[in-house]
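Novice: Here it is: the structure, laid out below.
Please treat every number below as a calculation from the coordinates, not as lab data. Bear in mind the structure is a predicted one, so any value in this text is a computation, not a measurement. Here the Cβ is made from the backbone with ideal geometry for all residues, glycine too, and neighbour counts use every protein chain on show.
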Amino acid sequence: MKSIKAINPFNGEPLETYQKDTSKSIANKKEKALTAFETWSVKTIAQRTKLLHNVSKLLLERKEKYANLMTKEMGKPISQSIAEIEKCVWACDFYHVNAENFLADQLIETDAEESFISYDPLGVILAVMPWNYPFWQVIRFAAPTLTAGNTAILKHAKNVPGCARALEDLFKDAGYPEGCFQSILAGHEVIEELIADDAIKAVTLTGSEKAGKAIAALAGKHLKKTVLELGGNNACIVWEDADLEQYMETMVKARMQNTGQSCIAAKRFIVCETIYDTFIEKFQSVVESLPVGNPEEDETYIGVLARPDLAEDVSEQVEKSIAKGARLLLGNERDGAFYSPTILGDVTSGMPVFDEETFGPVAAVIKAKDREHSIQLATTSNYGLGTMLFTEDVEAGRKIISQIPDGAFFINEMVKSDPRLPFGGTKNSGYGRELSKEGILEFVNKKTVYIKK
């Protein structure tokens, strides 16, 4: 096929058809990215952050437009789409203020007259990005990476082609040089060719474990640096002293935000047995109150999944778990791309909803005998993106930090990304970090400079 058609997942209606990039147009974009790097990389950080500030202003001006585009292409409830654009503004503003300090030469005292670490850009970076946060995932890569002096080529998910084009136009309209940020509309078959090309110096992927392993293998073959932000089945540990009245809405949001389509969502609720029944009662009550409907309506909290096949996948995971003994407490209704908010009780290891990533509004509730058992269950996972703990005994929570082998550990709050803090995982959730100072230093050459007179 020579074109990509965007489909509204809520009503199945076609939105717009986009022409795929050809081999010739891709080669042209690679050449533009290389040419742009020659001049962009030697600009001052102040010059780069000035343009990043322009991006921030345009995002605010176009907030409604971009939010509506997201909602139509992948079904995100409109209020959450608007919040996503606002978060993109936050990231741009953060790097606008802090990039010069982050990228400043680091002086090291040695026997030389002068020695320091210089943070130099690498070149053209390939970004392979997902559909679930079609603007945020890209901006949190692009803002630091471009500001560090690199140029970028985006291969976005095929069901959000309009978002890919809008992001390319955003950077052009902000005044970035031609070729500094470009998008390619194509299937996954172009990725291997791109990674093999000498023009591409590094690769970042946000996506599934399967995709991450494939990208890592390809990049390793060609000795290309990679950052991988992959799947997760985050545990939400609820100890017997947790304040359910205060934090229940936070726990529900941690699972149901973005209709459950988030790598860092709380997917496994591990609850101490003394409050297990009370937890389920309160959790179910809040979930049942969530407004379900058309994602274009302001009050909607639960919309549709991004594609009908995704809803089918989630339904299959739930059915297999029920067959293994999980108890259906709510939901498990599917209609096209819609999958109803679902709660499963009596979940144990060996069930898909315990072992795998469920990318939809499904909460798996697991009973723990005590605090020690809850930690054991939480860390029984091939993933390592994040864990959250709810307890009034914060000091006890502090003592188990080293026992949680994930990229994040949040106490009395849902795991979430924040431009000020590094974001990334361990184990099958990937490696490398985005955001914060750590993120802007992922795609630079940390060069040792030694001067002796």
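Novice: Tell me, what is the percent relative contact order of region 54-102, built from C-alpha pairs under 8 Å that lie six or more residues apart?
Specialist: Relative contact order comes out at 45 percent.
Novice: Might you report the magnitude of the Cβ-based charge dipole of region 82-178 about its Cα centre, with Lys and Arg at +1 and Asp and Glu at -1, to the nearest 20 debye?
Specialist: 900 debye
Novice: Enumerate the amide H contacts of Val124 below 5 Å, restricted to partners 5 or more residues apart or on another chain; note that Pro and chain-start residues carry no placed amide H.
Specialist: Amide H neighbours of Val124: Thr151, Lys201.
Novice: Cα axis of helix 244-256 to longest principal axis of the chain: angle in degrees, 0 to 90, nearest 10?
Specialist: 60 degrees
Novice: Would you work out which of Ala323, Tyr301, Ala337 lies farthest towards the positive end of the dipole of region 298-356? Charges go on Cβ: Lys and Arg +1, Asp and Glu -1.
Specialist: Positive-end residue among those listed: Ala323.
Novice: Of the beta bridges DSSP finds with both residues in region 303-453, what % are antiparallel, to the nearest 5?
Specialist: Values: 8 of 14 bridges.
Percent antiparallel among DSSP bridges in region 303-453 is about 55.
Novice: Amide H neighbours of Thr387 under 5 Å, at least 5 residues apart or on other chains, H built in the peptide plane: list them.
Specialist: Ala408, Phe409, Phe410
Novice: Further, regarding this structure: Determine, at each q value in 0.08 (inverse angstroms), the log₁₀ of I(q)/I(0) that the Debye formula gives when each Cα of the chain is one equal point scatterer.
Specialist: Normalising to I(0) and taking log10 leaves -0.47.
Novice: Loop sites only, by DSSP: take the GluC sites (Glu not before Pro) in the chain that have at most 16 other C-beta atoms within 10 Å and name the longest stretch containing none of them.
Specialist: 179-296
Novice: To continue, here is another question. Please report, in debye to the nearest 20, how large the charge dipole of region 234-418 is about its Cα centre when each Lys and Arg carries +1 at its beta carbon and each Asp and Glu carries -1 there. Intermediate values should be presented prior to the final figure.
Specialist: Working: 16 positive and 32 negative charges, 112 e Å.
So the dipole magnitude of region 234-418 works out to roughly 540 debye.
Novice: Sequence-distant or interchain residues sharing an amide H contact under 5 Å with Phe338, placed H: which?
Specialist: Distant-sequence amide H within range of Phe338: Leu305.
Novice: May I ask you to derive the relative contact order of the chain, considering only C-alpha pairs under 8 Å and at least 6 residues apart, and to give it as an integer percent?
Specialist: 19 percent
Novice: Taking +1 at the Cβ of each Lys and Arg and -1 at the Cβ of each Asp and Glu, which of Phe116, Pro405, Ile82 sits farthest along the dipole of the chain towards its positive end, judged by Cα position relative to the Cα centre?
Specialist: The Cα lying farthest towards the positive end belongs to Phe116.
Novice: Which residue, chosen from Tyr431, Ala378, Met388, occupies the Cα position most advanced towards the positive end of the dipole of region 310-453, where the dipole is computed from +1 (Lys, Arg) and -1 (Asp, Glu) charges on Cβ about the Cα centre?
Specialist: Tyr431
Novice: Turning to a different aspect of this structure: Write out the trypsin sites (Lys or Arg not before Pro) in region 104-186 meeting two conditions: DSSP loop, and at most 12 other Cβ atoms within 10 Å of their Cβ.
Specialist: The qualifying sites: there are none.
Novice: Nearest 20 debye, what's the magnitude of the dipole of the chain about its Cα centre given +1 on Lys and Arg Cβ and -1 on Asp and Glu Cβ?
Specialist: The calculation lands at about 1540 debye.
Novice: Between the alpha-carbon centers of region 393-442 and region 119-173, tell me the distance in whole angstrom.
Specialist: 23 Å
Novice: By count of other Cβ within 10 Å, fewest leading, how are Met388, Met414, Met74 ordered? Write down the numbers at each step before the final one.
Specialist: Numbers: Met388 28, Met414 22, Met74 33.
Lowest to highest Cβ neighbour count: Met414, Met388, Met74.
Novice: Now, a different point. Please express the shape of region 1-83 as an equivalent ellipsoid: the semi-axes are the square roots of 5 times the eigenvalues of the C-alpha gyration tensor, given largest first in whole angstrom.
Specialist: For region 1-83, the ellipsoid semi-axes come out as 31, 24, 7 Å.
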